[in-house]
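Below: one structure, written as structure tokens.
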Amino acid sequence: MADASFVYFPRLGVVQGTVAEKGLRALERHRAVSNVALAPSFFLIGAAPISASAIDAGIEWGVKTIGAKDLWERGLTGAGVTVGHLDSGVAKHIALNPAIGPFAAFDVLGRKLGPSSHYGIGGHGTHTAGIICARAHNNAYYGVAPGANLCVALAIDEGDFYRERVLAGLEWILLQRPRILNMSIGVEKGAAIFADIMKRVRAAGILPIGAIGNVYPGPSCAPANLTTVLSVGACAEDQTMWPGSASERFDREERSLVPDLAAPGVAIHSCAPKGGIALASGTSQAAPHVAGLAALLAQASPKASAGQLEDAILLSCHRAETLPQDRANRGLPNASRALAILLKGSA
């Protein structure tokens, strides 16, 4: 089509570009094209707010609440497990440097940048990465899976809506074949493009985990609100929902209520650029708690499928009376219970 300019992402099964009306009609009729949709605008599900902080020695409340320490005591740290991290990059940090594996950054056209800098500088991505797998430092424990590694795609920044960057980052992450994918990003409601992409992610054996969004009582965010993604809302230490944590009910038979579960997401300490520690709240902080838990479980059962990891997490959940079902759905996961369910199911 001479009137088209586009980029093809073969692992995602997506062509992104612009096309004139004549070309659009030709695409809609083409036997190899299953769907033509308006490309969405991506955005970071920002924390509210990120602020510099100090951290006391000991185990961070969120890590403690989901019971990660119980799995550490059984020798499970996420060692040997890679988690995909689609976010704003990861800054150099003493608690994260050993965890960073493959790293790629992409420009606004989706082109992979050269190796001029191994790390990104994104505060958002650094914070979410730390929650997943920060190593203990100065006797402070705030990474759920402190033995896991990350493959990092720097594909979005604050105020950055370039679709090609995010799609290129996802394409690259699929090539790395992680067991888990953490996404604290969103697209406009009902984005058809992500439904097919997440099916591809699941078909690759990857468990995608997404932040449900920070705009309650506004709508939830895709990709988290898709049935193929494990969606996470944010709760506080007193087991009440964070006020901004989104929820939504859909007219569909499967997983009609989102989020699927809640996780710690209020006043969370984690890594910050320049080697610091930051305090932040939001569903962006909740999702990586679940990604870290999935990494612990994946170490325990290396052959477990994405579906088995997901089922173990969901079946382990308990909802306190202080957590309304329409906001927290199944409630909070429990690491020991999830491990028992997983090992029983894979025996």
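The values are calculated or read from the model by the stated rules, or taken from the named source; none is laboratory data. Since the model is a prediction, treat every value here as computed from it, not as a measurement. Neighbour counts run over all protein chains shown; Cβ positions are idealised from the backbone, glycine included.
Table for the structure above
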{"read-out": "The listed residue being within 12 Å of GLY130 (Cα to Cα) and either out of contact with any helix residue (DSSP H, G or I) (no Cβ under 6 Å at 6 or more places or on another chain) or β-branched (Val, Ile, Thr) (or both), out of GLY292, GLY307, GLY282, GLY276", "value": "GLY276"}
{"read-out": "Residue satisfying all of: in segment 125-142; more than 18 Å from GLY210 (Cα to Cα) and touching a Ser or Thr at 6+ places or on another chain (Cβ under 8 Å); surrounded by the most Cβ atoms within 10 Å (Cβ to Cβ) among these", "value": "ALA134"}
{"read-out": "PRO324 vs. criteria surrounded by 24 or more Cβ atoms within 10 Å (Cβ to Cβ) and closer than 21 Å to GLU248 by Cα", "value": "no"}
{"read-out": "Candidate set: segment 185-215, residues that are in a loop (DSSP other than H, G, I, E, B) and at pLDDT 90 or above; chosen: the one nearest to the chain's Cα centre (by Cα)", "value": "ILE212"}
{"read-out": "Meets criteria (in contact (Cβ under 8 Å) with a residue 60 or more places away in the chain and polar (S, T, N, Q)) for SER284", "value": "yes"}
{"read-out": "Which numbered condition GLY275 misses (of (1) more than 17 Å from the chain's Cα centre (by Cα); (2) closer than 20 Å to GLY125 by Cα; (3) buried (at least 20 other Cβ atoms within 10 Å of the Cβ))", "value": "(3)"}
{"read-out": "Residue that is modelled with the lowest pLDDT, among those in segment 79-126 that are assigned to a loop (DSSP other than H, G, I, E, B) and under 16 Å from the mean Cα position of the chain (by Cα)", "value": "GLY122"}
{"read-out": "Enumeration of residues in segment 206-235 that are more than 23 Å from ALA306 (Cα to Cα) and surrounded by fewer than 19 Cβ atoms within 10 Å (Cβ to Cβ)", "value": "VAL215, PRO217, GLY218, PRO219"}
